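One structure is given below, encoded as structure tokens.
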Amino acid sequence: MKRAVWLPNWIGDAVMATPAIRLLRNHFPDDELTGIFRVPNADVLAGSNLLDDMLLDQTSSKFSWKQKIQFLRKLRAEQFDEIILMTNSLRTAAVARLAGIPKRIGFQRDGRGWLLTDRLQPKSRTEPNPALDEYLRLVHYACGINEKEIISNRPAIELQTTSEDEELWNEFAGKFQLSEGSYICLNSGGAFGAAKLWPLEHFVKLAKRIVCEMEMPVVMLCGPAERELAREFVKQTNHPLILSLAEEAISVGLSKATVKHSRLMITTDSGPRHFAAAFDVPVVTLFGPTHIAWSETNYENAIHLQQAVDCGPCQKRTCPLGHHRCMQELGVDRVYEQTCQLLNQLAADIKQIA
């Protein structure tokens with residue numbers, strides 16, 4: 001059979017979908033599996049053997065009507081037997097139907113049920129539940145597997161780096177004499193909105209404390225939108241062991257490799273935080289307005305930190321009250337102490353095994 005998976009739009013969601021894609025790949029090893037993606041999720045999954053082919057989604061508002069029609073014709077020409085819609089939009093369900101795909105599996109929500117042939121009832125949209133498990137629910141249905149096995153038999157999150165990714169990291173590491181596991185990786189990004197951001201001054205204080213007390217270098221990730229923030233971070237810290245990717249050829253692949261080769265990651269609740277779990281790197285995640293359960297992956301070498309405030313978690317992209325207490329009051333001392341605790345616990349576990 002020819003199967004398509006319409007992948008989630010966001011980087012973090014694409015990573016959280018990998019257990020479901022792996023299950024599908026293993027259950028139907030001889031079937032052709034194609035992913036429909038938005039930039040930059042092709043780079044997120046690059047290097048893995050999860051999919052046989054990738055198609056760029058050209059149905060969003062950024063594409064012209066000519067491009068949308070060309071994409072629809074291409075989708076129809078592929079003659080897929082089945083599509084699993086990990087997206088929840090009316091648009092993707094409509095495109096799948098217009099493409100003539102006989103079996104269309106997705107969640108019945110937002111009035112799109114009539115566009116699907118196989119409808120699953122979504123779990124609560126207000127009561128937090130892991131997106132990772134919802135993706136698995138769709139694939140369990142497609143594979144004919146009992147839904148109760150989701151928790152007991154959940155594949156791990158997985159990613160790979162390409163040789164090009166590794167070459168970029170080697171060039172960066174060589175310039176600053178970094179080695180495998182020798183540095184702490186920081187990530188300040190948050191495409192969701194400003195409310196997810198930990199204050200820059202907190203990152204500056206934390207980085208200075210790490211290099212002074214742990215005597216470990218710090219590397220700040222950045223995407224194109226965070227380049228200036230990363231430059232300001234380096235400027236304010238003004239220390240030879242505090243670095244960023246701001247002056248590099250920024251790419252998802254370089255970010256993956258930088259996380260993969262780090263000792264530990266400290267990050268906001270944004271997509272790249274899931275790179276750590278995929279590469280088995282310990283991670284401390286700083287949550288602000290978002291509920292932890294929505295993006296829970298049950299990765300054992302992770303610590304989640306969230307400041308208790310009476311107005312949160314509100315799930316808002318910007319603080320509706322203007323004070324941003326959930327992130328402002330999440331202090332540097334607490335983050336540093338929890339980072340040390342995680343590193344010490346992992347060191348003790350390794351010593352016990354040895």
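The values are calculated or read from the model by the stated rules, or taken from the named source; none is laboratory data. Quick caveat: nothing in here was measured; it's all calculated off a predicted structure. Neighbour counts run over all protein chains shown; Cβ positions are idealised from the backbone, glycine included.
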| request: Would you please name the residue that is surrounded by the most Cβ atoms within 10 Å (Cβ to Cβ), looking only at residues in the range 235-261 that are under 17 Å from the mean Cα position of the chain (by Cα) and of a type in the set (Gly, Ala, Ser)? | output: Ser255
| Got at least one residue in the range 180-189 being part of a helix (DSSP H, G or I), surrounded by fewer than 21 Cβ atoms within 10 Å (Cβ to Cβ) and assigned by TED's automatic domain parsing to the domain that holds His261? | no
| request: Would you mind listing the helices (runs of 4 or more DSSP H) fully within the range 253-354 where at least 3 residues are acidic (Asp, Glu)? | output: 332-353
| said: Of the conditions (1) in contact with a helix residue (DSSP H, G or I) (Cβ under 7 Å, 6 or more places away or on another chain); (2) modelled with pLDDT under 95; (3) under 18 Å from Ala14 (Cα atoms); (4) surrounded by fewer than 23 Cβ atoms within 10 Å (Cβ to Cβ), Asn298 satisfies every one except a single condition; which number is it? | reply: (1)
| said: Can you say whether Lys123 is among the basic types (Lys, Arg), modelled with pLDDT under 95, surrounded by 13 or more Cβ atoms within 10 Å (Cβ to Cβ) and touching an Asp or Glu at 6+ places or on another chain (Cβ under 7 Å), as far as the supplied structure shows? | reply: yes
| task | Can you give me the number of residues within the range 75-101 that are touching a residue at least 12 places away in the same chain (Cβ under 8 Å), over 28 Å from the mean Cα position of the chain (by Cα) and surrounded by fewer than 21 Cβ atoms within 10 Å (Cβ to Cβ)? | result | 8
| message | Return the pair list, or none, for Cβ contacts closer than 7 Å from residues in the range 326-340 that are of a type in the set (Ser, Thr, Tyr) to residues that are part of a helix (DSSP H, G or I) and at pLDDT 95 or above, at least 6 apart or on different chains. | response | Tyr336/Leu206; Tyr336/Arg209
| query | Which residues, taken from the range 308-354, are surrounded by 18 or more Cβ atoms within 10 Å (Cβ to Cβ), β-branched (Val, Ile, Thr) and closer than 26 Å to Ile210 by Cα? | reply | Val332, Val335, Thr339
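Residue-by-condition table, conditions (1) outside any loop (DSSP other than H, G, I, E, B); (2) farther than 15 Å from Leu138 by Cα; (3) of a type in the set (Asp, Glu); (4) not assigned by TED's automatic domain parsing to the domain that holds Gly144:
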position	(1), (2), (3), (4)
Arg22	yes, no, no, no
Val39	no, yes, no, no
Ala42	yes, yes, no, no
Leu50	no, yes, no, no
Leu55	yes, yes, no, no
Ser60	no, yes, no, no
Phe71	yes, yes, no, no
Arg91	yes, yes, no, no
| said: Exactly one of these conditions fails for Val284: (1) closer than 28 Å to Arg125 by Cβ; (2) surrounded by 22 or more Cβ atoms within 10 Å (Cβ to Cβ); (3) not polar (S, T, N, Q). Give me its number. | reply: (1)
